[in-house]
Amino acid sequence: MRPRHWIALGALWTALGVALGAFGAHALREALAASDHTATWETASRYHTLHGVALCVTGLVARESRVPSCATAGVLFAIGSLLFSGSLYWLALDGPKWLGPVTPLGGSALIAGWVMLALASLRASERG
């Protein structure tokens with residue numbers, strides 16, 4: 001993907017994270033409180049939104065660096081966020097319990113995305 005696509009995806013990802021956070025805080029407040037899943041939803045929304053911003057940053061670093069690890073970081077952020085936050089959203093809504101083990105896989109992808117972004121940044125500074 002081109003840098004502008006990562007930035008656009010990140011902006012939309014962040015908007016969705018904010019919208020889901022507000023939806024959980026307002027429309028699902030009673031349902032989440034009754035099942036004691038408010039904190040789970042908030043964690044999902046926080047990481048979702050944070051990694052939307054990370055996708056924007058990935059696009060900015062990609063614009064400057066033109067190194068392949070930027071694309072890898074973006075893919076890891078997107079997949080990791082889907083797995084991590086997505087599984088937490090489902091679990092908060094009393095989704096299937098087999099999703100529990102998916103959450104750490106998503107977290108591992110997010111960590112790997114940050115490592116790849118760091119490598120891309122270092123490679124960019126070597127070039128310029």
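Just a few scattered comments:
- Measuring between their Cα centroids, the range 1-32 and the range 55-128 lie 15 Å from each other.
- Percent of alpha-carbon pairs separated by more than 12 Å within the range 80-127: 63
- Mean ellipticity per residue at 222 nm, deg cm²/dmol - from DSSP H runs of n ≥ 4 across the chain, formula -39500 (n - 2.57): -29500 deg cm²/dmol
- Diffusion coefficient, µm² s⁻¹, Stokes-Einstein with Kirkwood Rh over alpha-carbon pairs of the chain at 25 °C and 0.890 mPa s: 164
- Order of F77, F84, F23 under a 10 Å beta carbon neighbour criterion, fewest first: F23, F84, F77
- Residue list for the range 106-123, given a label point 7 angstrom along the Cα-to-Cβ vector of R66 and an amide N cut-off under 17 Å: 120-123
- Neighbour-count order for W90, W114, W6, fewest beta carbons within 10 angstrom listed first: W114, W90, W6
- Cα-Cα pairs of the range 42-99 separated by more than 15 Å (percent): 51
- Relative compactness, the range 1-75, computed as alpha-carbon Rg over 2.2 N^0.38 Å: 1.34
Taken together, the values in this text are just the output of simple stated rules run on the coordinates, not laboratory data. Keep in mind the model is a prediction, meaning the values are calculated, not measured. Because the Cβ atoms are built from the backbone with ideal geometry, glycine has one as well, and the counts that use them run over all protein chains shown.
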